[in-house]
Amino acid sequence: MATLLSGKEVAAKLNETLAARVCALRNSGVVPCLCILRVGERENDIAYENNAMKRCEKIGIAVKTLRFPTSAAQGELLESMNAINHDNDIHGCLLMRPLPGHMDDNLIRNALHPQKDVDGITDVSMAGVYAGTGCGFPPCTPEACMEILDYYHVDSTGKRAVVVGRSLVAGRPAALMLIRRNATVTVCHTKTADLPSVCRQAEILIVAAGRAGMVDQAYLTPGQTVIDVGINVDASGTLRGDVNMESAQSVSAFITPVPGGVGTVTVSILARHVIEAAQRRLLSAHTSSRFPKHK
Ligand code: NAP
């Protein structure tokens, strides 16, 4: 039987450290604050928003929410983002996507200041992941995958890693992060030939396809570590990952469950980014007061 890599355990450990960091910030007069921007009433967005609010509040992070109807004009959203960029009390902003079809996703996501881009949606943050420069913030989900690997001491150096999915929010940045961790990485998508055989070659398999139960015994080999990013609601309303749990449990060595896996760690990573954004701002305020610019 595979060993479960509990995301809840990883998140609980993270939350302890994060709460201590918030305490220190509050003692310096800074209350870290996340602003959540949501357009429309998509169930997934509302669920993520509720989880993020609960987790942040538990850790001591303040949360503001701005909600727009699906019919909102793009200009309204851009105005709010401009206000967020200039609001010194807000340290991070989470913009729920995808946006409605009449909005220009590239324009809107890049309107956010990279210093407040706590879910890695701007081109600057993406370049930071690509080049490893630490500009902006990486997307929370792939960072959560890495956090799980670290917590359970899964060393990726020299390992064959396969990532299923190439989206900008999950698969692609996960692959880049694995490369930085010295894995030899293959990225798969809908045009990959013989996906099961490619997946069977993986020592670390990260699945972010959004297809409930797609990865079954045919994709798995003994000894693998499997990270299931998928969050899918099946016809009966049950939450399911991309990996067929029964197959994985009988074949793989380690597997993250859904729920209680990557998703729960993702929310804590979001909280960590807000705290980091607040700490970066505090540091730059100290630096500019110690070294005032010459007029
Ligand atoms: P997405 O934008 O739809 O991307 C899915 C990717 O998987 C695409 O690259 C697609 O290939 C590939 N794919 C889909 N079906 C495939 C198949 N049958 N064989 C091979 N590749 C396939 O989805 P996403 O935003 O990355 O999300 C993926 C999943 O992760 C969803 O279930 C989502 O709910 C979940 N998610 C979880 C978290 C979390 O915190 N746990 C966060 C974000 C997303 P093409 O590029 O060829 O289309």
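The values are calculated or read from the model by the stated rules, or taken from the named source; none is laboratory data. Computed from a predicted structure; not experimentally measured. Neighbour counts run over all protein chains shown; Cβ positions are idealised from the backbone, glycine included.
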ask   = How many residues are surrounded by fewer than 17 Cβ atoms within 10 Å (Cβ to Cβ), away from the ligand (no atom under 12 Å from the Cβ) and not in a loop (DSSP other than H, G, I, E, B) when one looks only at the range 209-234?
value = 2
ask   = For the range 1-112, list the strands (runs of 3 or more DSSP E) that sit wholly inside it and hold at least 2 residues that are out of contact with any Lys or Arg (no Cβ under 7 Å at 6 or more places or on another chain) and surrounded by fewer than 19 Cβ atoms within 10 Å (Cβ to Cβ); which are they?
value = 62-68
inquiry  = Let me spell it out: the conditions are (1) touching an Asp or Glu at 6+ places or on another chain (Cβ under 6 Å); (2) free of Cβ contacts under 8 Å to residues at least 40 places away in the same chain, and Gln74 meets all of them except one. Which number is the exception?
reply    = (1)
remark   = Flagged pairs (Cβ under 6 angstrom, 6 or more apart or on separate chains; first in the range 5-26, among the hydrophobic types (A, V, I, L, M, F, W, C); second surrounded by fewer than 18 Cβ atoms within 10 Å (Cβ to Cβ) and modelled with pLDDT of 95 or more) are Leu5/Tyr152; Val10/Tyr151
ask   = Within the set of pairs 6 or more residues apart or between chains, which connect a residue that is assigned to a strand (DSSP E or B) inside the range 178-192 to a residue that is more than 6 Å from the ligand (Cβ to nearest atom) and among the charged types (D, E, K, R) with Cβ atoms less than 6 Å apart?
value = Thr184/Arg160
inquiry  = Looking only at the range 215-261, count every residue that is touching a Cys at 6+ places or on another chain (Cβ under 6 Å) and of a type in the set (A, V, I, L, M, F, W, C) and tell me the total.
reply    = 1
query = Right, Val162: β-branched (Val, Ile, Thr), away from the ligand (no atom under 13 Å from the Cβ) and at pLDDT 95 or above or not?
reply = no
query = Exactly one of (1) within 21 Å of Ile269 (Cα to Cα); (2) crowded, with 18+ Cβ neighbours inside 10 Å is unmet by Ile179. Its number?
reply = (2)
key: Candidates Pro69, Pro114, filtered to the one that is out of contact with any strand residue (DSSP E or B) (no Cβ under 6 Å at 6 or more places or on another chain) and either in contact (Cβ under 8 Å) with a residue 24 or more places away in the chain or under 27 Å from Lys8 (Cβ atoms) (or both)   = Pro69
ask   = Are any residues in the range 153-173 of a type in the set (Gly, Ala, Ser) and assigned to a loop (DSSP other than H, G, I, E, B), and if so, which ones?
value = Ser156, Gly158, Gly165, Ser167, Ala170
